[in-house]
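The block underneath contains the structure these notes are about, expressed in structure tokens.
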């Protein structure tokens, strides 16, 4: 893993802006951080090439797309061999319903956030999931209401 890139306050201001609105033009970003366009563009390029900015995306409203159900799925696998874990991780990472996928410490092995239209779609997803490998325990928790969903990381000013 590479050493984290040192960022100054201008880099952090740029990051706070683009993670809130990736559609801002170089001109708009430059004005807001007090730079001319060329130095601002060069900083953005460095942040992208170093991997600090992984990609720029549009955030969509899942409900307006008919994806009303969010389910958190905790999983204990039966096979803890490196090959078994790698295979499971590769397969689950390919499932388009899985929005977030974490390997965990503690009493569960994995935690997934799954977004689907309804219970029938979740049931179909669940059947595919449990068919991948031998699982020891799968627990699903349906979210009733989304209180806060944030994509912007907390970047300190200093």
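The values are calculated or read from the model by the stated rules, or taken from the named source; none is laboratory data. In this text, all values refer to a predicted model and were calculated from it rather than measured experimentally. All Cβ positions, even for glycine, are placed from backbone atoms using ideal geometry, and neighbour counts span all protein chains on display.
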Within region 45-84, can you find the residues that are assigned to a loop (DSSP other than H, G, I, E, B) and in contact (Cβ under 8 Å) with a residue 40 or more places away in the chain?
-> 50, 51, 52, 59, 62, 66, 67, 68, 78, 79
Which residue out of 115, 133 is surrounded by 11 or more Cβ atoms within 10 Å (Cβ to Cβ), assigned by TED's automatic domain parsing to the domain that holds residue 98 and closer than 16 Å to residue 90 by Cα?
-> 133
If you go through region 105-126 one residue at a time, do you hit one that is in contact with a helix residue (DSSP H, G or I) (Cβ under 9 Å, 6 or more places away or on another chain), in a helix (DSSP H, G or I) and touching a residue at least 12 places away in the same chain (Cβ under 8 Å)?
-> no
Boolean, residue 89 is in a helix (DSSP H, G or I) and under 30 Å from residue 58 (Cα atoms) | yes
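Condition check ((1) outside the structural domain of residue 118 (by TED's automatic domain parsing); (2) surrounded by 10 or more Cβ atoms within 10 Å (Cβ to Cβ); (3) more than 24 Å from residue 151 (Cα to Cα)) across all residues:
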| position | (1), (2), (3) |
| --- | --- |
| 26 | yes, yes, no |
| 35 | yes, yes, yes |
| 38 | yes, yes, yes |
| 44 | yes, yes, no |
| 58 | yes, no, no |
| 70 | no, yes, no |
| 74 | no, yes, no |
| 88 | no, yes, yes |
| 93 | no, no, no |
